[in-house]
1. Suppose R0 equals 22 Å. What FRET efficiency, 1/(1 + (r/R0)^6) with r the Cβ-Cβ distance, do Arg171 and Arg131 give to the nearest 0.05?
2. Dipole of the range 145-212 (Lys/Arg Cβ +1, Asp/Glu Cβ -1, origin at the Cα centre): which of Pro181, Pro168, Gly195 lies farthest to the positive side?
Amino acid sequence: MQTPVARVVLRRSARCTDAPGATPGLEALALEEALSKKPLSKKPLSKKNMARPRTMVLGLGSNLGDRATLIAKATERLGAAPSVHVVRVGGLYESPPAGGPAQGDYLNTAVRIETALSPREVLDLALSIERDLGRVRPDPVRWGPRTIDIDLLWIEGEPIDEEGLTVPHPRLAERPFAVQPLVDVAPEATDPVTGKRYADAEAARAPLKRAV
């Protein structure tokens, strides 16, 4: 049985377009406009668990198996985790992989959360969800296909540079498939080091197939 989050992500098929009159994609799915207007989680964080709340954005991608279902399941599990409140889910985008061997296109989205967890704890949660959904680390093939990829893209006002954890993601502003979903869920987001708005990045305006 699908949860409310999974139903929202998988609600209806749509066209994946990069130009007027483009051919409908076989797997492209649309997210409801309501995602940008109301929370997905039914469990807002209690005040006692919000001693130091953070707003974070995670990027989700898949290019193996039923990509949309895997992204829906990952989103669902994020929302079900203790001390995590899913606020908004971005649009669903389709793009070729950024390097690596020949492989299928990715579907990508972003999820905005509020959480009392530390960034390291959110990373651990993301890795746990990846494992549960069949991701194998280290990857058998460098930059090879993945059932699910979950990256901590951005934390409001907080840069991090630690072993195994760099936030914002080093190439966030250069990758349309990452920055455009980010701007969907956090249009106000700025690079905490430079102060530049991600919405103003060239990659945020680059042509990119989107499920509509």
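1. Numbers: r = 24 Å, r/R0 = 1.10.
Here the calculated transfer efficiency is 0.35.
2. Pro181
We did not get these values from a lab; they are worked out from the coordinates using the rules stated. All figures in this text were calculated on a predicted structure; none of them were measured in a lab. FYI the Cβ positions are ideal-geometry reconstructions off the backbone, even for glycines, and counts take in every protein chain you see.
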